[in-house]
Amino acid sequence: MKAWILHGVGDIRLEETACPEPTEQEVLLAVQAVGICGSDIPRIYRTGAYSHPLIPGHEFAGQVVKVGKEVDASWEGQRTGVFPLIPCGSCGPCQRMLYEMCRNYSYLGSRRNGGFAEYVTVPVQNLLKLPKHVSYEEAAMLEPMAVTVHAMRRAGISASDSVAVCGLGTIGLLLVMFLKEAGISNILAIGNKNFQKQILNKIGISADSYCDSSRQDVSEWIKERTSGIGADVFFECVGKNDTAVLAIENAAPAGKVVMVGNPAGEMTFPKEIYWKILRNQLTVTGTWNSSFTCSPEDDWNYVLDRLTKKRVVPEELISHRFPLQELGRGFHIMRDKTEDYGKIMGI
């Protein structure tokens with residue numbers, strides 16, 4: 001099969017390699033769509049993976065073409081989404097079904113081979129069956145959508161809350177989409193690119209609810225729209241020190257700050273910002289990954305329900321589509337930022 005294989009930092013190549021064989025409790029999946037995550041770029045070009053060689057890619061969907069000896073034969077031919085985190089099943093969080101916080105997890109695309117390939121092996125317990133009218137591209141976005149929903153549900157938002165979303169990459173834009181679907185009307189979206197404003201318009205967010213942080217004073221803009229109080233809930237989706245500080249500065253008294261963005265560097269709070277957490281009695285929470293328990297209540301089934309009912313349209317975020325052999329163009333666009341992009345999809 002063909003696969004993009006990471007041999008070391010900055011050394012990723014499209015190569016012919018042996019097609020993997022599923023173990024007893026795995027399936028072989030023919031990858032039909034795979035998204036490039038923002039975290040894939042530093043993994044490929046700056047930090048490397050946990051071991052090399054490795055096939056990256058954790059946002060993917062496909063069709064089961066072969067099943068392991070202990071897997072029910074009915075899985076063969078199924079169209080599926082894939083939860084990429086493989087929990088150990090025995091640590092404390094796993095015993096409480098908090099698999100996203102597993103202490104000893106593996107991970108498709110970072111700790112074992114992932115979806116930048118024609119085929120990949122996946123544990124059967126990590127599969128989610130797709131209704132036939134949910135596309136492979138939509139299913140390849142299940143993972144970032146579930147991450148978004150996990151953050152949103154942890155925040156415990158009320159319909160009357162003012163909600164700020166700072167950082168309008170894929171996660172931030174999806175968060176706005178799901179907030180709107182959940183009935184939140186007072187959404188304050190903070191970005192810095194014109195194409196983000198255009199996508200927000202497609203989602204149904206007015207120009208007045210968008211702040212261009214490259215041109216406007218974000219704090220003043222938020223004050224003008226919250227009667228000087230600040231946002232009841234503030235999602236930080238960037239992962240930089242200045243935006244984390246911005247979130248705490250602009251959260252309302254007794255407000256909530258949800259840290260979503262992966263840190264791009266060291267995170268430190270000045271003393272006066274720490275005082276704001278204390279004096280405003282803020283709730284500051286972190287969120288990572290998503291809940292996948294194979295129950296109707298988990299984040300993945302929440303997303304799948306909305307996709308099935310066409311209440312969210314994540315394909316509006318897809319800006320580029322490349323066949324597998326040209327996926328390197330997508331890596332370069334995201335690394336070098338040579339053009340605007342939303343979700344870059346391999347098909």
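Things worth noting here:
- Those strands (runs of 3 or more DSSP E) lying entirely in the range 105-201 with at least 1 residues touching a helix residue (DSSP H, G or I) at 6+ places or on another chain (Cβ under 7 Å) and within 18 Å of residue 261 (Cβ to Cβ): 162-166, 186-191
- Here the condition is being surrounded by 12 or more Cβ atoms within 10 Å (Cβ to Cβ), among the aliphatic types (A, V, I, L, M) and free of Cβ contacts under 8 Å to residues at least 40 places away in the same chain; of 257, 303, 238, 218, it holds for 257 alone.
- When we screen 242, 208 for residues that are of a type in the set (Asp, Glu) and over 22 Å from the mean Cα position of the chain (by Cα), the only hit is 208.
- Across the range 266-300, the qualifying residues are those that are in a helix (DSSP H, G or I), farther than 20 Å from residue 95 by Cα and of a type outside the set (Phe, Trp, Tyr), and the one among them that is most open to solvent (accessible area, probe 1.4 Å) is 279.
- Within the range 330-342, the set of residues being assigned to a helix (DSSP H, G or I) and surrounded by 12 or more Cβ atoms within 10 Å (Cβ to Cβ) comprises 330, 331, 332, 333, 334, 335.
- Hey, residue 124 open to solvent by 10 Å² or more (accessible area, probe 1.4 Å) and touching a strand residue (DSSP E or B) at 6+ places or on another chain (Cβ under 6 Å) or not: yes
- Verdict on residue 193 being open to solvent by 10 Å² or more (accessible area, probe 1.4 Å), touching a residue at least 40 places away in the same chain (Cβ under 8 Å) and touching a Leu at 6+ places or on another chain (Cβ under 8 Å): yes
- Here no strands (runs of 3 or more DSSP E) wholly within the range 1-64 include at least 2 residues being in contact with a Cys (Cβ under 7 Å, 6 or more places away or on another chain) and open to solvent by 10 Å² or more (accessible area, probe 1.4 Å).
- Positions within the range 306-325 being open to solvent by 30 Å² or more (accessible area, probe 1.4 Å) and touching a Pro at 6+ places or on another chain (Cβ under 8 Å), in sequence order: 308
- Which numbered condition residue 100 misses (of (1) touching a Ser or Thr at 6+ places or on another chain (Cβ under 8 Å); (2) part of a loop (DSSP other than H, G, I, E, B); (3) buried (at least 18 other Cβ atoms within 10 Å of the Cβ)): (2)
The values are calculated or read from the model by the stated rules, or taken from the named source; none is laboratory data. Quick caveat, the model's predicted, so the values are computed rather than measured. Ideal geometry is used to build each Cβ from the backbone, glycine not excepted, and the neighbour counts take in all protein chains shown. Remember, those area values only see protein heavy atoms, side chains included, never the ligands or the DNA or RNA. Shrake-Rupley method; radii C 1.70, N 1.55, O 1.52, S 1.80 Å.
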